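A short worksheet on the structure shown next.
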Amino acid sequence: MAAAVWTDRGRRAATLAGTLTGSRSTHTALKSQYDALVIGGGHNGLVAAAYLQKGGLKTAVLERRHVLGGAAVSEEIFPGFHFSRCSYLLSLLRPHIYKDLELKKHGLKVYMRDPHAFTPMLEEGVRGAPPRSLTLGSDLKMNQMEIGKFSQKDAEAYPEFVAHLEKLAGAIHPLLDAPPVDIPGITAGSLRKRLAAANTLSPIIKCGLKLGKNIPDFYEIVTAPIMKILTQWFDSEPLRATLATDGVIGAMTSPSNPGSGYVLLHHVMGELEKEKGAWGYVEGGMGGVSQAIASAARSYGVDIFTEKDVGQILVGSNGAAKGVVLKDGTEIHSKVVLSNATPYVTFKNLTPQGALSPEFMKAVDQIDYTSPVTKINVAVDKLPNFLAAPTPDDKPGPHHQCSIHLNCESVEVLETAYKEALNGRPSARPMLEMTIPSVLDPTLAPPGCHVVSLFTQFTPYHIEGREWTDQDREAFADTVIQQIPDKNKMLVLFLQNIFHGSMSLDQLYLARPLPSLSNYRSPIKGLYLCGSSCHPGGGVMGSPGWNAALTVMADQKHQ
């Protein structure tokens, strides 16, 4: 049955060797004193640096690797084939950041995808017809025709469902573009500080006013299992399963678990080129986003350095951050330090022992980083050809530009995969999201060839309590490839949490990553977090960095 999904066989990348594309340090000399230092050259750190520099703070970025971007990097991991190593699609880059930093002028080019999703069925064709498939895009009438293959009732309900989600998603945009409510600031301190902190109430008030009578619906989708929501609207399994994938993508959860509704909402909040809900491929891979942000930051005067590995954050005798020391012993002083790393790395590895209370460190230890994700990057010499939508002569069809959902023909398949991983076993039929960006972006592969990304889940962090071995990785890769037949080698990446922390209900908004850290400030004065571990979470590119920069500049203003 699996062979009915992908009939062509391809070559897979067999080595990590090759030139790694990226941005090396400029010729600017590293100074001994800055106003602000950003640890980590991920996209959020670069955004924070750009806004801090625009705000008048002389800023430097220190990246330990030779390439900028964090999760958003492009690398030539097989000669001639350029892959988005970790992240692979663009949508949740906030429009004001795109505009403010003039990213288009700095080289960011996006190939818009339409249609968006393709789910081929594992079934025999009826009366000589090919197996069915479900394709969804921006054309509402075409979507209804596709859904009508499985349920006419669902086809009629779909436009109202889309409008409902868009209404809820549109209402919470003010919460994405501002730090969470400053509860400590409002409830303690001088009257002047309380009044200043009261301004942080504005976004949540705007959100509430925009939601209006839809507040109960918003509360339900944030707290409910996505299957509760989808079952209220639809009957057909292929449609429910396809939509449910956006409720669990990147999260160690199932469609039946509370909170998966919010993960779905999180993924429909995107916007590209003023088109709501659109997703696209970045020319040259996702590293193109990071390169554009870095270019903008440099144009404002930010000093960006690669291969500068921070060993420790310097804390003065007054208990405030005063800079960093690199692993080579170089000290760099600054008024403030922003960490684009996770809270665990920031406070357990980079902060001096004894600078933080045992109670705080215990809370840091309890942050959930559970992730079900394995990413497999594949180089092929011809396009996959689907029995449900065959294309002749190796020509791409509209469905080749989609997120291609495999093992997603029913919610039961997703639930089974989740339960297997929860019990410490790699899924026998993992949820697969296949993308082929080279269909739209010819810069990624040699003529006639393509790069394929397989974003897979569910895989447990440990196999029945033990570490993964190379043999385990090969076995899981074989399991994946049995769904899309081939027996050669490939590159497999086992990722840590792609959101820098689980997007569970206990780690959102006022509690992201911890209640005491939701305002980007740390217990150490002058030390801030600016990465995806912060509100509004991973995927919303640039927003944590933007919000952190706002917080730093507000603190500097009131000092």
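The values are calculated or read from the model by the stated rules, or taken from the named source; none is laboratory data. Owing to the predicted nature of the structure, the values given are computational and were not obtained by experimental measurement. Note that we place each Cβ from the backbone using ideal geometry, even for glycine, and neighbour counts take in every protein chain shown. Protein only, heavy atoms only, side chains kept; ligands, DNA and RNA dropped before computing areas. Shrake-Rupley method; radii C 1.70, N 1.55, O 1.52, S 1.80 Å.
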How about the stretch 275-327: which of its residues are farther than 15 Å from Gly40 by Cβ and of a type in the set (Val, Ile, Thr)?
Val282, Val289, Val315, Val325
Filter the stretch 58-91 down to residues that are open to solvent by less than 10 Å² (accessible area, probe 1.4 Å), within 28 Å of His266 (Cβ to Cβ) and among the hydrophobic types (A, V, I, L, M, F, W, C) and give me whichever is farthest from the chain's Cα centre (by Cα).
Val61
I need a count of the residues in the stretch 362-414 that are aromatic (Phe, Trp, Tyr) and either assigned to a helix (DSSP H, G or I) or crowded, with 22+ Cβ neighbours inside 10 Å (or both).
1
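When you look at Pro437, is it surrounded by fewer than 17 Cβ atoms within 10 Å (Cβ to Cβ) and modelled with pLDDT of 90 or more, yes or no? Steps first, please.
Details: surrounded by fewer than 17 Cβ atoms within 10 Å (Cβ to Cβ): no; modelled with pLDDT of 90 or more: yes.
So Pro437 fails the test.
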Just checking, does the stretch 114-129 include any residue being buried (at least 21 other Cβ atoms within 10 Å of the Cβ), farther than 30 Å from Leu350 by Cβ, hydroxyl-bearing (Ser, Thr, Tyr) and over 21 Å from the mean Cα position of the chain (by Cα)?
yes
Name the single residue, out of those in the stretch 150-196 being buried (at least 17 other Cβ atoms within 10 Å of the Cβ) and of a type in the set (Val, Ile, Thr), that is farthest from the chain's Cα centre (by Cα).
Ile186
Looking at Ala388, Ala379, Ala363, which is the one that is in contact (Cβ under 8 Å) with a residue 60 or more places away in the chain, among the hydrophobic types (A, V, I, L, M, F, W, C) and under 19 Å from Ser133 (Cα atoms)?
Ala388
Can you tell me which of Ile97, Ile147 is closer than 23 Å to Gly41 by Cβ, open to solvent by less than 30 Å² (accessible area, probe 1.4 Å) and part of a helix (DSSP H, G or I)?
Ile97
